[in-house]
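One structure below.
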Amino acid sequence: MSKKNIKKKMMLGKAGKRSRRIPLLAILRTHKRIESNMFRRDWRHRRIKAES
């Protein structure tokens with residue numbers, strides 16, 4: 001596995017946090033207005049655009 005620099009690690013961590021599922025309580029409180037996360041991505045097919 002290749003070594004990542006700090007900038008890339010931060011970017012990967014941020015992308016991981018953004019792609020988390022929406023909490024059930026948030027869906028219920030907004031009456032299903034917020035139902036899905038638009039930042040979700042399939043890690044097998046969609047790549048993170050690296051800022052190099």
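The values are calculated or read from the model by the stated rules, or taken from the named source; none is laboratory data. Computed from a predicted structure; not experimentally measured. Cβ coordinates were reconstructed from backbone atoms using ideal geometry, including for glycine residues, and neighbour counts include every protein chain displayed. Only protein heavy atoms, including side chains, enter the accessible area calculation; ligands, DNA and RNA are left aside. Shrake-Rupley method; radii C 1.70, N 1.55, O 1.52, S 1.80 Å.
Numerical summary
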item	result
10 Å binning of all Cα-Cα separations within the chain, expressed as whole percents from 0 upward	22, 40, 25, 12, 2
The chain - percent of accessible surface contributed by carbon and sulfur, probe 1.4 Å	56
Listed residues Lys3, Lys14, Lys49 arranged by accessible area, highest first, probe 1.4 Å	Lys3, Lys49, Lys14
Dipole axis of the chain (+1 Lys, Arg; -1 Asp, Glu on Cβ), positive-most option in Gly13, Leu24, Met38	Gly13
Spatially near lysine pairs across the chain, Cα under 27 Å, sequence gap of 8 or more or different chains	16
Highest-fluctuation residue, Arg20, Arg40, Arg29 considered, GNM on the chain with Cα pairs under 10 Å	Arg29
Nearest-ten-degree value, helix 6-18 long axis tilted from longest Cα axis of the chain	20
Amide H within-cut-off set for Ile22, under 5 Å, with H built and near neighbours excluded	Asn37
Length released on extending from Ile6 to His31, taking residue separation times 0.36 nm less the Cα-Cα span	5.0 nm
Dipole magnitude of the chain about its Cα centre (Cβ charges: Lys, Arg +1; Asp, Glu -1), debye to nearest 20	200
3J(HN,Hα) from dihedral phi, region 38-47, Karplus parametrisation 6.51/-1.76/1.60, rounded to Hz, x for glycine, proline	6, 8, 4, 9, 8, 5, 6, 10, 9, 8
Percent RCO, i.e. relative contact order, over the chain, from Cα pairs under 8 Å lying at least 6 residues apart	38
